[in-house]
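Everything on this sheet refers to the single structure shown next.
The values are calculated or read from the model by the stated rules, or taken from the named source; none is laboratory data. On a predicted model such as this, the values are computed, not experimentally measured, just so you know. Because the Cβ atoms are built from the backbone with ideal geometry, glycine has one as well, and the counts that use them run over all protein chains shown.
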Amino acid sequence: MTTFLLRGSTGAAIESALIATIPDLIEISNVNQALEHKSAQHDDPAVVLVATPVGDRALFDRLVDVAAKLRNQIFLILVSDEISASDYKRLIRTGGADWVSAKAAPREIAEIIAKQKAQRILSAKHGQSSPRAQPVTVAFIPSAGGVGNTTLIIESAICLKTNKISQHRSVCIVDLDFQTSHVCDYLDAEPRLQIAEFANAPERLDEHLLDSFKTHHSGDIDVFAAPRSKFPSENMSINALDALFTMIAKRYDLILVDFPLTWFNWTAQVIAACDGVVVTGLNTIPNLRQLAETLTLVRTSAPSAKIGIAVNRCEKSFFGSVAGGKQVERVLPNEELFFVSNHGEAIEAANMGVPLTLGPTARKMRDEFAGLAKFCADVKSARVLAV
């Protein structure tokens, strides 16, 4: 893959660093030159490095359009000081572009190029001509406290990894409840995500630091969760979350995000960057109202996301019918609903730190959570678009 630098689009210091870091870097004055070189050399898609000055919306919009239309011919790497979650989502969804911070450009660009080469080799090996699909992010959002949001996301993740159809996909859980996180408690594991280390300096986050933040569970899922503290979540920088999710997205196929009940100034932006949303709640009249209200907020934040509703701790008959199921359908008509039974084993599982889908009744529990796990597995990312 030949790499080009769009001349004059980056500062002199960055250009010098890129030339020193990336072998055989070719300078060009416009994108057409990269296309001409590719055509003449019968080369793989070319990599084009280009900067997007902060605030130049017209340039950014043109680059997104170019990346979408020419994704099979060139791969754009945009370099800038910052980028919003919504802009990053637009960029990645093209299937032909990525973004790096100007402060870490040479190293991160080299990593992206290496990743693109590896994906091309893998695609060729398996006879695939289309680009690799981008990671999928699914948000789990509680409509009220105590609805079992964390339990549902853990069981869904384990179910995905124990299902033959989806077990090849790399899965991780990201817990955004920085003050009262308990994902790792349910897995009998140690939370390692140290938010304070990069909250005010996103550029500090690199591969080594991310590795130190990761908790690996024997169920073959990774967890990024913070030790409980009084970290002021409302002051969390969206740029720091951008940096965290950008690096995680490079490693995992399916990212499940555990949201706290409280909404912060960054909540809507993170939801907007998700491909799917599961709103969780209980089958009571007060909570059904909260479910409907939360659903409205979610649709406002992420109008194009695939949405499902998980109603937890339901009473089911021997034949599987749900007590009060009709009232749920009346309050939430035309929604994709998942009813999860009230299991007495859940308390023992939490105390032991062993998910239900890995415990003594694992087979039965996998059937219980299969629908919700399939919903997550079936969420498609719009990041790879047809030209």
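Take the conditions among the β-branched types (Val, Ile, Thr), in contact (Cβ under 8 Å) with a residue 12 or more places away in the chain, touching a strand residue (DSSP E or B) at 6+ places or on another chain (Cβ under 6 Å) and closer than 21 Å to residue 304 by Cα and apply them to residue 271. Does it pass? Reasoning before the result, please.
Details: among the β-branched types (Val, Ile, Thr): yes; in contact (Cβ under 8 Å) with a residue 12 or more places away in the chain: yes; touching a strand residue (DSSP E or B) at 6+ places or on another chain (Cβ under 6 Å): yes; closer than 21 Å to residue 304 by Cα: yes.
It is true that residue 271 is among the β-branched types (Val, Ile, Thr), in contact (Cβ under 8 Å) with a residue 12 or more places away in the chain, touching a strand residue (DSSP E or B) at 6+ places or on another chain (Cβ under 6 Å) and closer than 21 Å to residue 304 by Cα.
Filter segment 116-135 for residues that are in a helix (DSSP H, G or I) and either among the β-branched types (Val, Ile, Thr) or at pLDDT 75 or above (or both) and give the result.
Residue satisfying the conditions is 121 alone.
Could you check segment 217-227 and list, in sequence order, the residues that are surrounded by fewer than 20 Cβ atoms within 10 Å (Cβ to Cβ) and over 22 Å from residue 346 (Cα atoms)?
Answer for segment 217-227, where residues must be surrounded by fewer than 20 Cβ atoms within 10 Å (Cβ to Cβ) and over 22 Å from residue 346 (Cα atoms): just 227.
I'd like the residue in segment 79-102 that is closer than 16 Å to residue 203 by Cα and modelled with pLDDT of 80 or more and, out of all such residues, is nearest to the chain's Cα centre (by Cα).
Filtering first and then ranking leaves 99.
Does segment 300-352 hold any residues that are at pLDDT below 90 and under 23 Å from residue 184 (Cβ atoms), and which are they?
Once the filter is applied, which keeps residues that are at pLDDT below 90 and under 23 Å from residue 184 (Cβ atoms), segment 300-352 yields 343, 345, 346, 347, 348, 349, 350, 351, 352.
If you go through segment 65-84 one residue at a time, how many are β-branched (Val, Ile, Thr) and part of a strand (DSSP E or B)? Even if it seems obvious, please write down each step before you answer.
Of all residues in segment 65-84, those β-branched (Val, Ile, Thr) come to 66, 74, 77, 79, 83.
Subsequent filtering for residues that are part of a strand (DSSP E or B) retains 74, 77, 79.
Of the residues in segment 65-84, 3 are β-branched (Val, Ile, Thr) and part of a strand (DSSP E or B).
Could you check segment 203-221 and list, in sequence order, the residues that are in contact with a strand residue (DSSP E or B) (Cβ under 7 Å, 6 or more places away or on another chain), in a helix (DSSP H, G or I) and not acidic (Asp, Glu)? Quick ask: steps written out before the conclusion?
Within segment 203-221, the first condition is being in contact with a strand residue (DSSP E or B) (Cβ under 7 Å, 6 or more places away or on another chain), and the residues that meet it are 203, 213-217, 221.
In the following step, the residues that additionally are in a helix (DSSP H, G or I) were identified as 203, 213.
Selection gives 213 alone.
Filtering segment 165-181 down to residues that are of a type in the set (Val, Ile, Thr) and outside any strand (DSSP E or B), which residue is nearest to residue 210 (Cα to Cα)?
Keep residues of segment 165-181 that are of a type in the set (Val, Ile, Thr), which gives 165, 171, 173-174, 180.
Adding the requirement that they be outside any strand (DSSP E or B) leaves 165, 180.
Details: 165: 28, 180: 21 Å.
That would be 180.
Among the candidates 314, 274, single out the residue that is surrounded by 14 or more Cβ atoms within 10 Å (Cβ to Cβ), within 30 Å of residue 234 (Cα to Cα) and out of contact with any helix residue (DSSP H, G or I) (no Cβ under 7 Å at 6 or more places or on another chain). Spell out the reasoning first.
On the way: 314 fails: within 30 Å of residue 234 (Cα to Cα).
Every option except 274 fails the conditions.
In segment 350-373, which residues are surrounded by fewer than 17 Cβ atoms within 10 Å (Cβ to Cβ) and either touching a Ser or Thr at 6+ places or on another chain (Cβ under 7 Å) or at positive phi (or both)?
The one that is surrounded by fewer than 17 Cβ atoms within 10 Å (Cβ to Cβ) and either touching a Ser or Thr at 6+ places or on another chain (Cβ under 7 Å) or at positive phi (or both): 353.
Filter segment 215-247 for residues that are closer than 14 Å to residue 172 by Cα and of a type in the set (Val, Ile, Thr); which is farthest from the chain's Cα centre (by Cα)?
215
Filter segment 295-330 for residues that are more than 26 Å from residue 93 (Cα to Cα), in contact (Cβ under 8 Å) with a residue 12 or more places away in the chain and under 30 Å from the mean Cα position of the chain (by Cα) and give the result.
310, 311, 312, 313, 314, 328
One residue is enough: does segment 151-164 have a residue meeting the conditions assigned to a loop (DSSP other than H, G, I, E, B) and out of contact with any Asp or Glu (no Cβ under 7 Å at 6 or more places or on another chain)?
Just the residues of segment 151-164 that are assigned to a loop (DSSP other than H, G, I, E, B), to begin with: 163-164.
Keeping just the survivors that are out of contact with any Asp or Glu (no Cβ under 7 Å at 6 or more places or on another chain) gives 163-164.
The answer is yes, given that some residue of segment 151-164 is assigned to a loop (DSSP other than H, G, I, E, B) and out of contact with any Asp or Glu (no Cβ under 7 Å at 6 or more places or on another chain).
In this structure, does residue 212 turn out to be within 30 Å of residue 354 (Cβ to Cβ), exposed (fewer than 15 other Cβ atoms within 10 Å of the Cβ) and either of a type outside the set (Gly, Ala, Ser) or under 20 Å from the mean Cα position of the chain (by Cα) (or both)? Quick ask: steps written out before the conclusion?
Numbers: within 30 Å of residue 354 (Cβ to Cβ): yes; exposed (fewer than 15 other Cβ atoms within 10 Å of the Cβ): yes; either of a type outside the set (Gly, Ala, Ser) or under 20 Å from the mean Cα position of the chain (by Cα) (or both): yes.
Against the criterion (within 30 Å of residue 354 (Cβ to Cβ), exposed (fewer than 15 other Cβ atoms within 10 Å of the Cβ) and either of a type outside the set (Gly, Ala, Ser) or under 20 Å from the mean Cα position of the chain (by Cα) (or both)), residue 212 qualifies.
Please state which one of 313, 299, 251 is basic (Lys, Arg) and in a helix (DSSP H, G or I). Outline the logic, then answer.
Numbers: 313 fails: in a helix (DSSP H, G or I); 251 fails: in a helix (DSSP H, G or I).
On inspection, the qualifying residue turns out to be 299.
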